[in-house]
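Values in this text are rule-based calculations from the coordinates and carry no lab data. Because the structure is predicted, anything quoted here is derived from the model rather than measured. Methodologically, a virtual Cβ is constructed for each residue, glycine included, from the backbone with ideal geometry; neighbour enumeration extends over all protein chains shown.
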Amino acid sequence: MPGTRGPVPVPVQNGDRDLTLQILEAVDENASVKTSETFPNASQTEVKAALDRLASRQMIEYETDDSEEVVLTGEGQQIVDEGSHEFKVWDAVRKAGRMSLKDQALATPSAKVGQGNAFKLKWIKKDGDSLIPLTDSVTDTTREVLQYVAEHRALQNPRDLKDLRKRTLVTTQKIITYDARKGPRWARDIPVEVTDLTADMLADGSWKTANFKPYNFKALGEQSQGVGALHPLNKVREEFRKIFFNLGFTEMPTGRFVDTGFWNFDALFVPQQHPARDMQDTFYVSDPPEAGPPGPDPEADAALNAMEEEDRDEEDSDPPTRPTQQPTKHLDYAQYYANVRATHQDGAFGSIGYRYPYNDAEPRRLVLRTHTTAVSTYCLHRLAANPRPAKYFSIDRVFRNETVDATHLAEFHQVEGVIADYGLTLGGLQGFLRRFFKKMGLVGLKFKPAYNPYTEPSMEVFAYHRGLGKLVEIGNSGMFRPEMLLAMGLPEDLRVYGFGLSLERPTMIKYGVNNIRELLGHKVDLGFIEGNAAVRLDKA
Amino acid sequence: MPTISVDKTELYKALGKDYSRDEFDELCFEFGIELDEDTTGREEPAQLKIEIPANRYDMLCFEGIALNLNVFLGRQAMPTYTLKPPPGGALETVTVSPATAAVRPYFSCAILRGVQFTPARYASFIALQDKLHANLARQRSLVAIGTHDLDTLQGPFSYEALPPDQIRFAPLNQTRAMTATEMMGFYEKDKHLARYLPIIRDSPVYPVIYDANRTVLSLPPIINGNHSKLTLATTNIFIDITATDKTKLEIVTHILVAMFSQYCADPFTIEPVRILSPHNTESRTSPDLTPRTTHASAAYINSITGLSLPRTTITTLLKKMCYHATPSPTSPDTLDVAIPITRADVLHEADIMEDAAIAYGFNKLPRAFPATKAAAAAALPINKLADIVRLESAMAGWAEVMPLTLCSLDENYQWLNKSPPSSSEQQKPIRLQNPKTAEYQIVRTSLLPGLLKTLRENKHHAVPMRIFEVGDVAFQDARLERRSRNERHFAAAWYGKQAGFEMVHGLLDRVMMMLRVGFVARGGEGKGEGGEGYWIEEVEDATYLAGHAAAIYLQLAGRKAQKIGTFGILHPSVLKAFELPFPASTLELNVEVFL
């Protein structure tokens, strides 16, 4: 047991005598000791423990013999003691001279068996409704065979075994016996061994002469380390955050599970009749009943301002020296709303729009955000006050009104990145994603044209999966549509990449989890949380 | 995304090549569709199930997939669709009654002449209507299609809106005539049609289309008449389309005639119909097959694709995507682009640019890592703070869990011996309107239910269990645009043979120490000696066992002292509600106050 200190062993006791010492004596006196013969009354586990104790010190060595022996059942023992059933019937009939078939002595089950056997052996016969003996003396073979078993724990003729077993007179049992002899470090006495170096030993100097017990290098160390643990999803999240920080991204303020139809859909140029906006796919909020008009979010702005401030040197805080410190435009939210409305309904900013009657109630509906892109939209619109290159990311929870199963939960985490800059190209997005996913150990990226209401072009990102031996989809990406960006008031030449993936999917692949409910939510196994390895995405 | 099933042999025949699975996968990948499944060996004839982008209504049938791929492969030019009046020259007419404005205001129609149906073409024609109804038409609510054997009918036609009792006809596949009112009852249990009934059921008038003999063609969006039923032998097809959305009406009209006019006696010709609808100025000849013309800038396309292609090369690329583009004779950078009627998805120059990129090949574009001048990395302050609490808790030997944020009212309140706040109170929960899973009634306002459910699901684990979460709860907040706000909380639970009150208390002390907040001993409500720091006071809280609950108070420099959370031994009735046989202590506090 881990943590045991001080001299060992505490000897195993066999009755009043120490079995370990008995074995030492026996091995000392004989070249080879068979434990089943020398210690017939010691239990096998006791013998093994004592042998192991000595063998671990190389004082003895031993081999294990497995064999089978035949032993009597209770009924078999009774026959050995009293004679077989047929003998007992014959004996009773012989003594009585004549015995009625209705005699109580013949009524027991064993007497019935004995009567049948005695007939077969022609020891007795029926005479009217009585039994009479046919012979004065018999040989009780069954008893003799069983007596042999009792003495030898085996049968002279192994063919009898099947028959006797069927008659439940004998059974077999496995016996383990050990053949022990002197080992390389033979000694007549057990030396006192210590398992650990103690402060006392250092103090009195006894460590110099102490006999240390050999360490078992095949066993695990102490397992109860009093561990705390981080959740595997958050461990993967942290790896993603490191990648984003490494690439110069700022984290977006995602502290709003509830968002408006405007920020979650309309501002993203998702038409009001889009299937994603169905009650089947989106959680709508019944209380509070309705959102306010689009406007600034002071809490989000404060967080963004604080982060931008972090990155500003004291020396160049003088506004005119920094291009990003140009006087900021006032963000006109009413104009923004009007632009979004016009883009959907009538077309604007070079787009013919969706040309449907825009319903002003839809943007006021409250939803559980279906994607963190609602937040990216807010941040991009904020950028219109002072258009400049920016890199944003977020990893947070999103909600879909899904029927829950092994691969779908009503909530999961979205990893999202946004890059705004002048003169961005589609190949540049591919180049960026190649670098991003390489940090996760994913290479050989391929891009497939896809459809997304708010990006054009849109590309699904695929990587070659070595385990599956094929291309697998690892994320989505695209360049935000002009309808979305120009309505915000961003300049035409400021282009914006967007890309995203779920946090759960790479985590499930990484940790071999097949059921998402065993990863996120209360059905997760605490042992899994405590036992999962570090992430090391680059070592995929 | 819709998935379309097509006959594999027929499609490969149409594409002029017997593709291997890899070859066809590759073609789909480059074009931007996806081969979902090949039923070879499991179904006769073998089907390919192909996923189509949700905005490509022109690929919702065999004909559209074959057409787009053939044009992409350069095997076929994009057809020019033309109007061809009937031999006599006199167009069929449909008069739209002003009464339709009240229920289904928009109408469109077209005639296909000399169509040669085969069983496969017929099935595809029906399936396309189903797909359009289901997707673009939002279950027929926006648009509904009726198709008829024109030879059984007699023009001129009329689109009217009448009280349901005045409409009487035998619906499709029925011999008995019934009124529209009766039909509502007749189809109430119909597993296919019942879902469309509510679209018009409560309207005082129902939309209906008649021929000159008052034969009913359709009762949109529910059902057609049996009289003009389409059969395999039908050659002249009258298509009626009604809608509440004018844009989608035109899209559906265009897709139907574009996909099936190829089977006309004179392929790609459509017979126009005169629509008289003066009340809403929608009188016109239908359909309008004129491609939409627009301009695209070669410089714009090149700048986003990172290429420097001459205009003539771009026109060749666009041709593969069904456009007809020519370099503008008047402007050196401009392309004059004609967008065919099939490409309703093209809204902006950006769509044309993307198609040029697809035709060029996404995976052939020059990949360059963008050298952006964006500002440097920064972590969100609340996440930085939360990470301190998370890491310190884990280092103190507690295991992090991540329960769900959606839960039931009972879990969040009653099971913790609390009641939901009344309408006048603060901290009201956010309630969901339409959850598919009944237990998702609200967004949690406490982290405790998730922790206790996690313990409940882990009874096989050795005790004591020590778990924590740092996560968001949410409340209503009338002051904000979203009328709600998230709040970052920290919560922990100890569960074992003993209640562990001192354990959660010790974790609180440890986390406070790591946040550089000192413990101060104080009297009630923060009165008395001591400067900034935290202290605890006994509190009455029904979640906890009486006398074993503490409120946590915090005073930071320059701020008012405030209660930031509670901890204590859970009340046995709470344990029972969460099916926990052993005692437990929990801690929950607001983390945002430390920002």
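What whole-number distance in Å separates the alpha-carbon centres of segment B:331-362 and segment A:338-367?
What the calculation gives is 23 Å, centre to centre.
Any of B:LYS229/B:LYS319; A:LYS102/A:LYS162; B:LYS49/B:LYS320 with alpha carbons more than 31 Å apart? Name them for me.
Those over the limit are B:LYS229/B:LYS319; A:LYS102/A:LYS162.
For a quick check: with amide H placed at 1.01 Å from N, whose amide H comes under 5 Å from B:ILE339's, ignoring anything fewer than 5 positions away on the same chain?
B:ARG292, B:THR293, B:THR294
Which is the longest part of chain A that has none of the GluC sites (Glu not before Pro) sitting in a DSSP loop with at most 14 other Cβ atoms within 10 Å? It would help to have the intermediate numbers written out before the result.
Values: sites that count: A:GLU222, A:GLU290, A:GLU314, A:GLU492.
The segment A:1-221 is the longest one with no such site.
Count neighbours as other Cβ atoms within 10 Å of each site's Cβ, and list the trypsin sites (Lys or Arg not before Pro) in segment A:77-160 that are DSSP loop with at most 15 such neighbours.
Passing sites in segment A:77-160 are A:ARG98, A:LYS102, A:LYS122, A:ARG159.
Taking Cα centroids, how far is segment A:139-188 from segment B:144-221 in Å?
Cα centres, segment A:139-188 to segment B:144-221: 94 Å.
Leaving out same-chain residues fewer than 8 places away, which lysines sit with a Cα under 26 Å from that of B:LYS497?
A:LYS523, B:LYS418, B:LYS453, B:LYS459, B:LYS576
How big is the Rg/Rh ratio for the protein assembly as shown, C-alpha atoms only, Rh by Kirkwood, two decimals?
When Rh is taken as the Kirkwood radius, the ratio is 1.14.
Add +1 for every Lys or Arg and -1 for every Asp or Glu among the other residues with Cβ under 13 Å from the Cβ of B:GLY225, and state the total.
+1
Among A:VAL236, A:ILE79, A:PRO506, whose Cα projects farthest towards the positive end of the dipole of chain A, with charges put on the beta-carbon of Lys, Arg (+1) and Asp, Glu (-1)?
Checked the options; the winner is A:ILE79.
Loop by DSSP (not H, G, I, E, B), at most 15 other beta-carbon atoms within 10 Å: where is the longest site-free stretch of chain B for GluC sites (Glu not before Pro)?
B:189-424
Pairs to check: A:LYS126/A:LYS166; A:LYS391/B:LYS384; A:LYS391/A:LYS438; A:LYS439/A:LYS470; A:LYS470/B:LYS436. Give those whose C-alpha atoms are more than 24 Å from each other in this structure.
Distance filter (> 24 Å) returns A:LYS126/A:LYS166; A:LYS470/B:LYS436.
Which trypsin sites (Lys or Arg not before Pro) from segment B:1-62 combine a DSSP loop assignment with at most 10 other Cβ atoms within 10 Å?
Qualifying residues, ordered by number: B:ARG42.
Assuming 0.36 nm per residue, please report the length gained on full extension of the stretch A:ALA31 to A:GLU75 beyond their Cα-Cα distance.
Between A:ALA31 and A:GLU75, full extension yields 11.8 nm more.
In chain B, with Lys and Arg counted as +1 and Asp and Glu as -1 at Cβ, which of these residues, B:LEU197, B:PHE125, B:ALA359, has the Cα nearest the positive end of the dipole, that is, farthest along it?
The listed residue farthest towards the positive side: B:LEU197.
Taking just the alpha carbons, could you work out the radius of gyration and Dmax for segment A:382-540, both in angstroms?
17.6, 53
Starting at 0 and stepping by 5 Å, how many percent of the alpha carbon pairs of segment A:179-241 end up in each bin?
Taking every Cα pair in segment A:179-241, the percentages come to 4, 11, 11, 11, 13, 12, 8, 6, 6, 7, 6, 4, 1, 0.
Using Cα pairs under 8 angstrom and six or more residues apart, how large is the relative contact order of segment B:381-594, in percent?
Relative contact order comes out at 21 percent.
Treating the angle as unsigned and between 0 and 90°, give the value, to the nearest 10°, between the Cα long axis of helix B:119-134 and the longest Cα principal axis of chain B.
Once rounded, one gets 40 degrees.
Roughly how many nanometres apart are two label points built 7 Å out from the Cα toward the Cβ at A:LYS112 and B:ALA102?
According to this spin-label approximation, the distance is 9.5 nm.
Projected onto the charge dipole of segment B:381-594 (+1 at Lys/Arg Cβ, -1 at Asp/Glu Cβ, origin at the Cα centre), which of B:VAL520, B:THR445, B:ALA577 gives the Cα projection farthest towards the positive end?
Sorting the options by dipole projection puts first B:THR445.
Give the cross-link partners of B:LYS563 among the aspartates and glutamates, using a straight C-alpha distance below 13 Å as the criterion and excluding same-chain residues fewer than 8 apart.
Answer for B:LYS563, where 13 Å is the Cα cut-off: B:GLU525, B:GLU537, B:GLU538, B:GLU588, B:GLU592, listed by chain and number.
Going out from 0 in 10 Å bins, what whole percent of all Cα-Cα distances in segment B:364-447 drops into each bin?
Histogram of Cα-Cα distances, whole percents per bin: 13, 25, 24, 20, 13, 5, 0.
So if we plug the beta-carbon distance of B:GLU532 and B:ARG479 into 1/(1 + (r/R0)^6) with R0 = 41 Å, what FRET efficiency do we get, rounded to 0.05?
E between B:GLU532 and B:ARG479, to the nearest 0.05, is 0.90.
Report the Cα centroid-to-centroid distance between segment B:377-445 and segment A:266-303 in angstrom, as an integer.
A separation of 21 Å, based on Cα centres.
Within straight cross-link reach of B:LYS246, meaning Cα distance under 22 Å, which lysines are found once same-chain residues fewer than 8 apart are removed?
B:LYS131
Roughly what percent of Cα-Cα pairs across chain B reach past 47 Å?
Numbers: 78271 of 176715 pairs.
Here the tail beyond 47 Å accounts for 44 percent of pairs.
Rounded to the nearest 10 degrees, what's the angle between the helix B:381-395 long axis and the longest principal axis of chain B, both from Cα atoms, 0 to 90?
Value to nearest ten degrees: 60.
Per 5 Å bin from zero, what fraction in whole % of the C-alpha pairs of segment B:381-594 is there, up to the bin with the longest pair?
Pairs per bin, as whole percents: 1, 7, 15, 19, 20, 17, 13, 6, 2, 0, 0.
Please list the radius of gyration and Dmax for chain A, considering alpha-carbon atoms only, with Å as the unit.
Calculated on Cα positions, Rg and Dmax stand at 43.6, 136 Å.
Taking Cα pairs under 8 Å and at least six residues apart, what relative contact order does chain A come out at, in percent? Could the numbers behind the result be given before it?
Values: 808 pairs, mean separation 74.5, N = 540.
Worked out over chain A, it gives 14 percent.
Using the alpha-carbon atoms, what tilt in degrees (0 to 90, nearest 10) does helix A:373-383 show relative to the longest principal axis of chain A?
Once rounded, the angle reads 30 degrees.
Size of the dipole of the protein assembly as shown about the Cα centre, Lys and Arg at +1 and Asp and Glu at -1 on the beta carbon, nothing else charged, in debye to 20? Walk me through the numbers on the way to the answer.
On the way: 126 positive and 144 negative charges, 325 e Å.
It comes to approximately 1560 debye.
So how strong a dipole does segment B:62-152 carry about its Cα centre when Lys and Arg Cβ are +1 and Asp and Glu Cβ are -1, to the nearest 20 debye?
Using only the charged Cβ atoms, the result is roughly 240 debye.
Loop-only chymotrypsin sites (Phe, Trp or Tyr not before Pro) in segment A:147-247, please: DSSP not H, G, I, E or B, and at most 11 other Cβ atoms within 10 Å.
A:TYR215, A:PHE217
Report the charge-dipole magnitude of chain B in Debye, nearest 20, computed about the Cα centre from +1 at each Lys and Arg Cβ and -1 at each Asp and Glu Cβ.
Dipole magnitude for chain B comes out near 540 debye.
In nm², what is the average projected area of the convex hull enclosing the Cα atoms of segment B:292-364?
4.3
Points 7 angstrom from Cα along the Cβ direction at B:ALA123 and A:VAL227: gap in nanometres?
It works out to 5.7 nm between the two label points.
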